[in-house]
1. In the list Ala118, Ala94, which residue meets the criterion of being in contact with a Phe, Trp or Tyr (Cβ under 9 Å, 6 or more places away or on another chain), of a type outside the set (Asp, Glu) and near the ligand (Cβ under 10 Å from one of its atoms)?
2. Collect the residues in the stretch 209-231 that are exposed (fewer than 13 other Cβ atoms within 10 Å of the Cβ), under 29 Å from Asp335 (Cα atoms) and under 25 Å from the mean Cα position of the chain (by Cα), keeping them in residue-number order.
3. Which one is surrounded by the fewest Cβ atoms within 10 Å (Cβ to Cβ) among residues in the stretch 109-149 that are outside any strand (DSSP E or B) and charged (D, E, K, R)?
4. Collect the residues in the stretch 73-91 that are within 12 Å of the ligand (Cβ to nearest atom), assigned to a helix (DSSP H, G or I) and in contact (Cβ under 8 Å) with a residue 12 or more places away in the chain, keeping them in residue-number order.
5. Any idea which residue in the stretch 148-180 is farthest from the chain's Cα centre (by Cα), counting only those that are within 11 Å of the ligand (Cβ to nearest atom), closer than 22 Å to Thr65 by Cα and not acidic (Asp, Glu)?
6. In the stretch 280-299, what residues are of a type in the set (Gly, Ala, Ser) and either farther than 18 Å from Tyr234 by Cα or in contact with a Pro (Cβ under 8 Å, 6 or more places away or on another chain) (or both)?
7. Just one of Ser333, Ser302 is among the small types (Gly, Ala, Ser) and not in a loop (DSSP other than H, G, I, E, B); which is it?
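The values are calculated or read from the model by the stated rules, or taken from the named source; none is laboratory data. Just so it is clear, the structure is predicted and the values come from calculations on it, not from any experiment. Note that each Cβ is placed from the backbone with ideal geometry, even for glycine, and that neighbours are counted across all protein chains shown.
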Amino acid sequence: MDFDDDRLGRARVRDTAELDAYYDELAGLDAGALWTVANKIEPWYPRPESVPTHWPYAKLRPLVTKALDLVSGDDAGRRVVALYNPERRDLAAAVGLLYTGLQIMGPGESMTAHRHQAAALRFVLEGTGAWTIVDGQKLSVGPRDFAITPNWTWHEHGNEADDGPVIWQDGLDIPLVNALDAPFYEVHPDIYQKQEGVVNSSLLVYGAGQLRPVGDPWHKNHSPLLAYPWEPTYEALLKAAKATDGSPYDGVIMEYANPVTGGSVMPTMSAHMQLLRAGEATLAHRQVGSKIYTVAKGSGSSVVAGKRFQWTEGDIFCVPSWAWHEHANASRSEDACLFSFNDFPVMRSLGFFREECYTDNDGHQEVAA
Ligand code: GTQ
């Protein structure tokens, strides 16, 4: 492809004194000449402002822990260290229009209930006592478990362990909701919800994979299954690895699915867990949409737009839209697992999704020194 702007079909007007005076006149009327910005606002392909960024857990964890003593849960609302893309601080985005942060709750602590237009998901990094109540349903979650808080559902969180803090990662579509001028927020009228039914009831009803409850009236646009525990997830990847080679770009990868539709867990965000076998190195590809990865297990490296990130458990890194990326498990004996979430459902439902594989250099990117 030729991405030259100095050609017929693109804007190529040269500045003159007469035009400059004309542009000033238009500016005075809150207007402007499209041809001065056309190539910028309609680029040939995605040019995200977000840059590939790596947040090492070993460096963040001490600062996340420090917040336990610095602010109370009640005053903070949620005690979270948000991760900002250096180019998207103003939007509180980690990449594209996705937000992420590390939330910490001390032993015995609980947070107040609220709901908002933004959808949320959680990936637990440490601690045994994490719980959340989503629209009355209490979920108990442990390390490497994935849970969802669909948009406008009441939710509150806590840590019922007495031996240590819970740290989990929050993922939300806050910047997307704000970009669309669509945010709403409510504090629960009773401040706390009442638990209805048994703990993890959605898991008991919908957690059996291919078995669906007959006569189920579920009609909402998100998954009825609210928690996806680590053990069956990991087991599913190990079993699939026995039968398939997986993807050359992702290793063995599974999407956390809405068991009713087979689609993404929520309409704006999807999540995956992928297994990189010992010594496995994938080829590079790119997609329209932003991704945030969390290292669930093992250590290795990823190259994102020519930048290499060395990662280990708990690290978070992002892949901006249309950026080439590839992953490698550094270990010759242990597998590695990457959790990730993305805004692909938005791209798909709007007809924006594209995917391309890298063909130069045997499918691997040149890495900047
Ligand atoms: O749990 O609802 O990290 O609303 C940021 C905003 C978590 C939440 C965050 C939120 C939440």
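1. Working: Ala94 fails: near the ligand (Cβ under 10 Å from one of its atoms).
Being in contact with a Phe, Trp or Tyr (Cβ under 9 Å, 6 or more places away or on another chain), of a type outside the set (Asp, Glu) and near the ligand (Cβ under 10 Å from one of its atoms) holds for just one of Ala118, Ala94, which is Ala118.
2. Result: Gly209, Glu231.
3. Restricting attention to the stretch 109-149, the residues satisfying the condition of being outside any strand (DSSP E or B) are 109, 111-113, 117-119, 127-129, 135-136, 142-145.
This time we only want the ones that are charged (D, E, K, R), so: 109, 135, 144-145.
Details: Glu109: 19, Asp135: 14, Arg144: 22, Asp145: 19.
The residue in question is Asp135.
4. Gly73
5. Per the stated criteria, the residue is His157.
6. Ala281, Ala284, Gly289, Ser290
7. On the way: Ser333 fails: not in a loop (DSSP other than H, G, I, E, B).
Going through Ser333, Ser302 in turn, just one is among the small types (Gly, Ala, Ser) and not in a loop (DSSP other than H, G, I, E, B): Ser302.
Here's the yes/no breakdown for (1) of a type in the set (D, E, K, R); (2) touching a Pro at 6+ places or on another chain (Cβ under 7 Å):
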{"site": "Arg122", "(1), (2)": "yes, no"}
{"site": "Asp135", "(1), (2)": "yes, no"}
{"site": "Thr153", "(1), (2)": "no, no"}
{"site": "Gly164", "(1), (2)": "no, yes"}
{"site": "Gly209", "(1), (2)": "no, no"}
